[in-house]
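Working notes for the structure below.
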Amino acid sequence: MNIFESITSAAYSVFANRMRSILTMLGIIIGIAAVIMITSIGQGFQNSFNEMFAEFGAGTLEVAVRHDRPEPAARSDMLTLESVEFLSSHPDVVSVTPISGSNARVQLRNPTENTRVNVIGTNETFREVQNVDVRFGRFLAEIDVDRAAPVAVIDSSLARQVFGRTDVVGETIRATFWFGTIDLLVVGVYRSDDIMSGMFEMPTTAYIPITLLQRLLNADNQVQQIFVNAHDLERLDQTASEIARLLSIFHRNEDRYRVTTLMSQIDQINSMIGMITGFVGLVAFISLVVGGIGVMNIMLVTVTERTREIGIRKSLGATDGNIQFQFLIEAMILTATGGVIGIILGYYGGFALGGLIDLVPAIDVPTVIGTVIASSLIGIIFGVYPARKAAKLDPIEALRYE
């Protein structure tokens with residue numbers, strides 16, 4: 001029996017029992033489809049996240065007070081608007097943006113209903129730090145910050161919840177903080193297309209002047225964070241060290257401030273996403289191995305069912321190698337066919353899942369190649385034992401088998 005005849009006979013044996021073959025391949029199909037879906041969604045999330053920060057994250061530094069020191073930070077150590085003004089004079093600095101945050105409940109169209117909103121106090125330079133896509137009206141202006149004006153820039157999702165439409169510039173929203181309620185004039189509406197909000201139920205974000213939030217919180221000019229945009233990307237680490245040192249001099253303390261690049265934080269988040277994707281992918285790969293065990297089990301059953309056939313083949317001159325090769329080919333056909341179906345389902349399943357969470361998946365070609373190789377190896381590894389068992393059958397005993 002030549003190689004072509006062995007392959008033809010193996011293929012006929014596989015497809016002669018379609019239902020059993022399909023059920024056998026199911027574990028392989030699910031495992032490969034899951035691996036491709038998970039890795040494509042994970043890579044797509046990383047790509048979208050990186051694109052989101054690509055325009056403004058490269059030269060941005062985040063300044064915050066260190067709270068990991070043995071002694072607690074004093075009131076004089078806190079960052080203030082004076083700190084912002086001081087850093088603005090640095091020759092390598094393009095812009096300085098103060099950030100403070102709080103939570104509020106905003107009244108919806110039904111007066112008895114409300115929703116939680118993240119309220120960010122900042123200034124007009126915030127758009128140099130984060131790409132806020134204002135669709136209607138405008139973003140915060142310098143005059144809003146100078147006057148601590150009761151104005152807000154909200155996203156289109158909140159606008160729809162409160163007013164039933166998105167173009168709501170000039171309307172007023174009522175925000176209730178822990179200390180009281182304030183009416184805010186909507187001066188701008190930005191497009192809400194955050195990836196995370198598509199995946200989870202997350203509160204929307206409203207931007208108000210930092211001075212207004214300080215007055216509401218009675219924060220005595222304090223800010224929680226400062227974002228600094230630097231000129232020279234090649235001197236970014238040096239600029240970060242200089243800012244930390246200058247702030248310590250300005251506030252008369254020592255080593256009290258942490259200055260980090262947004263890109264380093266993005267790398268940490270990407271690393272975390274990669275670890276989660278890898279872990280879930282490992283679980284999916286385990287299901288692939290379980291599918292391989294199912295293939296071996298069915299092949300052992302097949303050997304038992306075809307004992308008499310094996311005896312006839314051997315009596316007609318088939319060698320142990322011929323028999324072993326035929327059953328090995330059968331196992332490989334099962335896993336290869338399951339692998340192809342799994343790749344197709346994983347590809348389209350990834351895009352279907354991405355559509356549900358408003359995310360474009362990224363199909364990783366090495367992952368696809370790896371899964372093809374893995375399915376082939378599973379066919380070889382889990383097909384060897386049944387094939388060897390079939391090859392070692394004694395032809396006389398096999399012919400006697402009923």
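Data for the structure
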read-out	value
Inter-residue pairs, beta-carbon under 7 Å, first under 21 Å from residue 182 (Cα atoms) and in the stretch 125-149, second modelled with pLDDT under 90 and among the β-branched types (Val, Ile, Thr), 6+ apart	139/132
Contacts under 8 angstrom Cβ, first residue in the stretch 176-192 being farther than 12 Å from residue 138 by Cβ and assigned by TED's automatic domain parsing to the domain that holds residue 141, partner part of a strand (DSSP E or B) and of a type in the set (Asp, Glu), 6 or more apart	191/155; 192/155
Selected residue [in contact (Cβ under 8 Å) with a residue 40 or more places away in the chain and over 30 Å from the mean Cα position of the chain (by Cα)] from 321, 346, 354, 350	321
Subset of the stretch 182-199 [modelled with pLDDT of 90 or more, open to solvent by 60 Å² or more (accessible area, probe 1.4 Å) and of a type outside the set (Asp, Glu)]	185
Of all residues in the stretch 230-266 being polar (S, T, N, Q) and at pLDDT below 80, the one that is farthest from the chain's Cα centre (by Cα)	261
Residue list for the stretch 225-244, filter: surrounded by fewer than 16 Cβ atoms within 10 Å (Cβ to Cβ) and under 27 Å from residue 209 (Cβ atoms)	225, 231
Residue list for the stretch 371-385, restricted to those being closer than 15 Å to residue 300 by Cβ, open to solvent by less than 70 Å² (accessible area, probe 1.4 Å) and aliphatic (A, V, I, L, M)	384
All positions within the stretch 275-295 that are open to solvent by 30 Å² or more (accessible area, probe 1.4 Å), under 11 Å from residue 27 (Cβ atoms) and not small (Gly, Ala, Ser)	286, 289, 290, 293
In the stretch 296-321, the residues that are assigned to a helix (DSSP H, G or I) and open to solvent by 80 Å² or more (accessible area, probe 1.4 Å)	297, 305, 308, 320
Boolean, residue 171 is open to solvent by 40 Å² or more (accessible area, probe 1.4 Å), free of Cβ contacts under 8 Å to residues at least 24 places away in the same chain and among the acidic types (Asp, Glu)	yes
In the stretch 204-229, the residues that are among the aliphatic types (A, V, I, L, M) and closer than 23 Å to residue 105 by Cα	206, 208, 210, 212, 213, 216, 217, 219, 223
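The rows are residues; the columns are (1) buried (at least 21 other Cβ atoms within 10 Å of the Cβ); (2) within 20 Å of residue 301 (Cβ to Cβ).
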{"residue": "12", "(1), (2)": "no, yes"}
{"residue": "15", "(1), (2)": "no, yes"}
{"residue": "21", "(1), (2)": "no, yes"}
{"residue": "27", "(1), (2)": "yes, yes"}
{"residue": "37", "(1), (2)": "yes, no"}
{"residue": "41", "(1), (2)": "yes, no"}
{"residue": "45", "(1), (2)": "yes, no"}
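The values are calculated or read from the model by the stated rules, or taken from the named source; none is laboratory data. What you see is a predicted model; the values in this text were computed from it and never measured. All Cβ positions, even for glycine, are placed from backbone atoms using ideal geometry, and neighbour counts span all protein chains on display. We work out accessible area using only protein heavy atoms, side chains counted, and drop any ligands, DNA or RNA first. Shrake-Rupley method; radii C 1.70, N 1.55, O 1.52, S 1.80 Å.
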